[in-house]
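Input: a single structure, listed below in structure tokens.
The values are calculated or read from the model by the stated rules, or taken from the named source; none is laboratory data. Since the model is a prediction, treat every value here as computed from it, not as a measurement. Glycine gets a Cβ as well: all are built from the backbone with ideal geometry, and neighbour counts include every protein chain shown. In case anyone asks, the SASA skips ligands and DNA or RNA and just uses the protein heavy atoms, side chains included. Shrake-Rupley method; radii C 1.70, N 1.55, O 1.52, S 1.80 Å.
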Amino acid sequence: MSDIIRIGMLGCGTVGQGVLRILHETAGTIERATGHRIEVVKVLVRDLQADRPGVDPSVLTTDPEEILGDDSIDIIIEVMGGVDPTHDWLLRALGHGTSVVTANKQLLARHGPELLAAAEEGGSELRFEASVCAAIPVIKVLRESLLAAEIDSVMGIVNGTTNYILSEMRGNGMSYADALAQAQDLGYAEADPTEDVGGADAAAKMAILCSIAFHTRVLIDDVPYSGIDSLQSEDVDIASELGFVMKLLGVARLVDDAVSVRVHPALVPADHPLAAIGGADNAVLLESSMVRQIMLVGPGAGGTETASAVVSDVLSILGSRPGSFLGGALADAGRPMAADDALESAFYLRLEVADEPGVLARVSSVLGESGVSILTVLQRGEGDSARLVMILHRSPEAQVAEAIGRLAEMPEVTAPPVLIAVVGSGEAPR
Ligand code: NAP
Ligand code: HSE
């Protein structure tokens with residue numbers, strides 16, 4: 001590479017403008033530290049006239065060939081998002097020996113192995129720190145510092161938008177809709193925010209994290225997910241009364257050396273380290289018998305925060321040789337995906353029931369017959385009906401599912417049961 005590093009950038013929105021700003025503001029530091037001057041020579045956008053404060057309009061283009069067809073470009077930064085046409089464009093660039101830095105988790109979680117293979121063949125590098133947890137260097141820590149730490153669990157808050165919404169609802173009593181609108185205004189949300197609130201964004205990030213932590217190819221289709229869009233605010237409030245905090249969690253672990261991973265709303269005890277993570281911050285809790293617990297915390301979304309990870313990847317490319325062991329981030333140890341019936345969890349269960357004698361006993365006996373034990377019960381009468389909220393001890397999930405199926409069919413149960421996992425309580429199975 002020459003002293004001048006020529007960059008082509010695909011996209012110039014929230015993150016792209018942050019990248020241009022950081023590169024401009026830190027040009028002197030970068031040159032002193034790396035011996036390279038970075039020049040952004042072309043930036044692809046859709047609309048040349050859109051408002052982009054501080055961006056030199058002469059670098060803008062709407063023609064992707066001005067970047068993809070320019071052999072003098074050393075590194076392409078992809079911050080436009082979407083799986084198409086980015087998939088074909090990045091395959092082409094990597095195959096031709098142009099290194100790529102991307103923030104695109106949906107693309108990585110679908111086509112990561114194929115893109116890394118193209119990089120290996122083309123003698124280029126693919127870096128994607130910004131695709132997971134924005135400013136937190138979790139990929140670098142897993143790929144380098146903890147490469148051989150035999151991680152056996154990865155749990156975290158990996159979506160900034162939903163954490164912001166849940167924090168605002170709990171802390172400031174803001175409505176779901178208002179909190180989402182604020183997260184969009186602050187640049188945290190995806191172009192289509194249903195990816196955030198529905199859990200697809202977090203699922204993509206967990207697929208990427210699992211692939212690296214467990215040395216196994218995990219794609220987004222391997223990650224069952226649900227989001228906070230179907231949560232009811234009363235469950236957030238009741239959870240709080242019971243001493244829990246509602247979070248959208250990614251939970252992944254090795255179960256008999258198979259990979260179990262999913263994304264779902266979960267209750268965490270108020271004194272758990274993840275409970276304190278507020279606003280758009282993210283946190284990833286890594287566990288292994290070697291290092292016990294390491295938690296990485298920091299900004300999980302936002303233009304400048306994400307851009308800092310993009311710039312750090314550009315600098316890593318300048319500082320590393322193509323073909324080094326760091327390129328093998330998605331090495332395949334051949335682990336299978338764990339079957340659901342191998343898993344155990346504690347749960348929060350809310351039942352709306354008819355307020356009649358013996359209902360609580362019948363509910364308890366259905367749970368007992370399925371081998372599910374109750375830790376806490378809260379009962380409130382409301383006229384002819386009553387609300388039963390229970391925290392269930394950790395039990396095999398298949399047994400809980402069977403019990404919930406039977407409860408849902410009881411004539412005294414007047415609405416579909418609400419079941420939410422409780423995570424991190426250290427509850428022993430009963
Ligand atoms: P954004 O504000 O919507 O910006 C997207 C940019 O890409 C815009 O400049 C847009 O052009 C351009 N673009 C989109 N489709 C294009 C196409 N087909 N051809 C040419 N240009 C196209 O998005 P963002 O928030 O910066 O996010 C970018 C990427 O970073 C996404 O992959 C996202 O998941 C990821 N990310 C975002 C954050 C965050 O906090 N925002 C954090 C981590 C990762 P116009 O300006 O002309 O519309
Ligand atoms: N929309 C994402 C989030 C951006 O809210 O976490 C960071 O990937």
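Put K140, K247 in order of accessible area, highest first, and with a 1.4 Å probe you get K140, K247.
Using the average count of surrounding beta-carbon atoms within 10 Å as a protection proxy, the listed peptides 153-166, 45-58, 402-415 rank, highest first, as 153-166, 402-415, 45-58. Where in the stretch 371-409 does the label zone of R362 land, with the point 7 angstrom along Cα→C-beta and an amide N cut-off under 12 Å? Under 12 Å, as judged by backbone N against the label point of R362, lie 407-409 of the stretch 371-409. Ranked by the mean number of other Cβ atoms within 10 Å per residue, highest first, peptides 27-37, 202-212 order as 202-212, 27-37.
Globularity index of the chain is 1.08 (Cα radius of gyration / 2.2 N^0.38 Å, N = number of residues). Atom-type composition of the exposed protein surface of the stretch 340-422 places 51 percent of the accessible area on carbon and sulfur (1.4 angstrom probe).
In this rough spin-label picture, where each label sits 7 Å from Cα along the Cβ direction, the D332-L375 distance is 3.9 nm.
A probe of 1.4 angstrom, applied to the heavy atoms of all protein chains, finds D341 with accessible area near 120 square angstrom. Using C-alpha pairs below 8 Å separated by at least 6 residues, the relative contact order for the stretch 250-381 is 22 percent.
State in Å² the accessible area per residue of the chain; use a 1.4 Å probe, count heavy atoms of protein chains only, and round to the nearest integer. Per residue, the chain has an accessible area of 42 Å².
For D51 and D355, the FRET efficiency from 1/(1 + (r/R0)^6), where r spans their Cβ atoms and R0 equals 51 Å, is about 0.30. The fraction of accessible area contributed by carbon and sulfur in the stretch 148-299 is 46 percent, rounded to a whole number (1.4 Å probe; ligands and nucleic acids excluded).
Set the Förster distance to 56 Å, then compute FRET efficiency between D237 and E150 from the Cβ-Cβ distance, nearest 0.05.
Calculated transfer efficiency: 0.90.
What does the C-alpha gyration tensor say about the overall shape of the stretch 1-128? Classify as rounded when a/c is under 1.5, otherwise prolate if a/b is larger than b/c, or oblate.
Details: a/c = 1.66, a/b = 1.18, b/c = 1.41.
Taking the square roots of the gyration eigenvalues as a ≥ b ≥ c, the stretch 1-128 is oblate.
Ordered by solvent-accessible area of protein heavy atoms (1.4 Å probe), largest first, the residues Y225, Y188, Y348 come out as Y225, Y188, Y348. Once neighbouring chains are kept in place and the probe is 1.4 Å, which whole percent of the accessible area of the stretch 57-96 is contributed by carbon and sulfur? Carbon and sulfur: 49 percent of the exposed surface of the stretch 57-96.
A Förster radius of 25 Å combined with the Cβ-Cβ distance from D70 to T26 puts the calculated FRET efficiency at roughly 0.55.
The Rg/Rh ratio of the stretch 340-422, with both radii computed over alpha carbons and Rh defined as the Kirkwood radius, is 0.95.
In this rough spin-label picture, where each label sits 7 Å from Cα along the Cβ direction, the R292-E344 distance is 2.3 nm.
For the chain, a Gaussian network of Cα nodes joined below 10 Å ranks I238, I73, I151 by mean-square fluctuation, and the top entry is I238. Across the chain, C-alpha contacts under 8 Å between residues 6 or more apart give a mean separation that, scaled by the residue count, equals a relative contact order of 16 percent. Between A401 and H96, the distance separating the two model label sites (each 7 Å from Cα on the Cα→Cβ line) works out to 4.8 nm.
Residues D178, D152 ordered from highest to lowest accessible area at a 1.4 Å probe: D178, D152.
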